[in-house]
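J.: Dropping the structure in here first, questions after.
Each value in this text was obtained by applying a stated rule to the coordinates, not by laboratory testing. Owing to the predicted nature of the structure, the values given are computational and were not obtained by experimental measurement. Using ideal geometry, Cβ is built from the backbone for each residue, glycine included, and neighbour counts are taken over all protein chains shown.
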Amino acid sequence: MKKAWIIIIIIVVLIGGFIWSTYNKLVSSSESIDNQWAQVETQYQRRFDLIPNLVDSVKGAMAQEQKVFGDLAAARANYAGAQNSNQKAGAATEVEGALSRLLVVMENYPELKSTETVQTLMAQLEGTENRVSVERKRYNDEVKVFNVLVKRFPSNMIANSLGYAERAYFEAIEGSEVAPTVDLQLN
């Protein structure tokens, strides 16, 4: 009888250890995702801080392109009002769309690209875009690790019982695989 109790205690300890370990992995992975999303947001903030400077540098020569500036301002406002990472990701894609339209407009005004201020801001913006891309990839990598943990048996039973669910990947907007058309002819 004593042997049976020892076996039961060992089984309970092993199951408890597995639950404890899995819970800690879920918490760590979830926090890693939140941390990585903060890194993405840091780069977005850098981008959003650079955009007004670029717009102000270019605005005077492109008064007829006010719609692009309005779209960019509206997209930035949508990002500021977003409540969660999914809404912020959607708002960030709006900013990217408006920003790509601004860059196409700038291509149509080659004299703008020759000014030192615009060149500097464009280089900073390009660097920021690269950082955003890297941070998004890291975010998606963290989401993958977490989602595998949440889906894989037997940790999925613990995740479900503790309220952990799959997290959304950051996905590109539809049509982003198509480069914008640039018409270099001045009218």
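J.: Whole-Hz Karplus ³J(HN,Hα) for segment 3-17, in order, using 6.51 cos²θ - 1.76 cosθ + 1.60 and θ = phi - 60°, x for Gly and Pro?
T.: 5, 4, 5, 5, 5, 4, 5, 4, 4, 4, 5, 5, 5, x, x
J.: Further question: So which of K25/K137; K3/K25; K3/K151 end up more than 29 Å apart, counting from Cα to Cα? Intermediate results must be reported in sequence, preceding the final value.
T.: On the way: K25/K137 21 Å; K3/K25 33 Å; K3/K151 36 Å.
Correct reply: K3/K25; K3/K151.
J.: Let me ask something else. In a shell of Cβ-Cβ distance under 13 Å around N156, excluding N156 itself, what net charge do Lys and Arg (+1) and Asp and Glu (-1) give? Show your work: numbers first, answer last.
T.: Working: positive: K25, K151, R152; negative: E166.
For residues surrounding N156, the net value is +2.
J.: Hey, can you grab everything whose amide H is under 5 Å from the amide H of R167? Only 5+ residues off in sequence or another chain; H modelled, so Pro and N-termini drop out.
T.: Residues meeting the criterion, in which the H sits 1.01 Å from N, are N147.
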